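**Q** This structure is in structure tokens; I'll ask about it shortly.
Just so it is clear, none of the values below were taken in a lab; they were calculated from the coordinates. Predicted model only: the values in this text are computed from it and were never measured. Neighbour counts run over all protein chains shown; Cβ positions are idealised from the backbone, glycine included.
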Amino acid sequence: MNQAVLILIKPDGLKKSLTGNILTRLSETKLEIVAAKMVRVSRQLAEEHYKHLKDKPFFEDLIKYIQGELHDRRKVMALIYWGKDAIRKCRELAGATNPEEAEATTIRGSYGRITTSGVYENVIHVSSNEAEAEREIKLWFNPDEIIVDLYPQKEIVEKEYKRKAWT
Ligand code: UDP
Ligand code: MG
């Protein structure tokens, strides 16, 4: 069954120059990349993305981590992979959440670490099921940034919508 999955290369992955390695590893899945962009993560986006962890003691550090404040890299790379069993394939390559428990050959096992404050710096985010993938993809991307139609969408006309344009 074809699925979409949100992948984030987290600020530690960018700081350690792992983008190429991670994309090469993910290419083993033979999945299709249907969207990709660099994102400056607002506090609002970070909190919404991790809202299911709001009560955890590491929540505040996690928000700082995904916003890049721990790595002086205020950005993440967001991608959507699409294809058969996309979630299982990407999570297998990512490895366990705790990088010390992740198999050594996985992305997190190879490149992750636990900070002294206890946050798992595990280099990438991968949605863990279809419902989560849909919620996250709708949070991180607009329909016109994705080259396939993943979910039902509508056309809207926005008046007085302020955006940047080339001079
Ligand atoms: N995390 C952490 N400590 C924990 C559990 C999670 O620092 O005990 C962080 C880690 O960066 C993880 C993120 O919170 O990737 C989201 O946690 P989740 O349980 O969703 O794990 P994932 O789906 O990323 O494997
Ligand atoms: Mg998760």
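**Q** Sorting check: for 37-50, 125-138, which peptide has the highest mean count of neighbouring beta carbons within 10 Å, and how do the rest follow? The partial results should precede the final answer.
**A** Values: 37-50: 14.4, 125-138: 17.9.
Ranking the peptides 37-50, 125-138 by packing returns 125-138, 37-50.
**Q** What list do you get for LYS10, LYS75 if you sort them by fewest beta carbons within 10 Å? Present the calculation step by step, with values, prior to reporting the outcome.
**A** Numbers: LYS10 25, LYS75 17.
Listed from fewest to most nearby Cβ atoms, that is LYS75, LYS10.
**Q** Sort TRP166, TRP82 by Cβ crowding within 10 Å, fewest neighbours at the top. Mind dumping the intermediate values first?
**A** Values: TRP166 3, TRP82 18.
Ranking TRP166, TRP82 by Cβ neighbours within 10 Å, fewest first, gives TRP166, TRP82.
**Q** Testing the spin-label approximation: label points 7 Å from Cα along Cα→Cβ at MET38 and TYR161. State their distance in nm.
**A** In this crude label model, MET38 to TYR161 measures out at 2.4 nm.
**Q** Just to check I understand the Karplus step: with θ = phi - 60° and J = 6.51 cos²θ - 1.76 cosθ + 1.60, what whole-Hz values come out for the range 157-166, glycine and proline as x?
**A** 10, 9, 9, 6, 8, 8, 8, 7, 9, 5
**Q** So what's the net charge close to GLU92: Lys and Arg +1, Asp and Glu -1, counting the other residues with Cβ under 13 Å from its Cβ?
**A** Computed value for this residue: +2.
**Q** Taking square-rooted eigenvalues a ≥ b ≥ c of the alpha carbon gyration tensor, is the chain rounded, prolate or oblate, where a/c under 1.5 means rounded and, failing that, a/b exceeding b/c means prolate? Walk me through the numbers on the way to the answer.
**A** Details: a/c = 1.71, a/b = 1.26, b/c = 1.35.
It comes out oblate by the Cα gyration axes.
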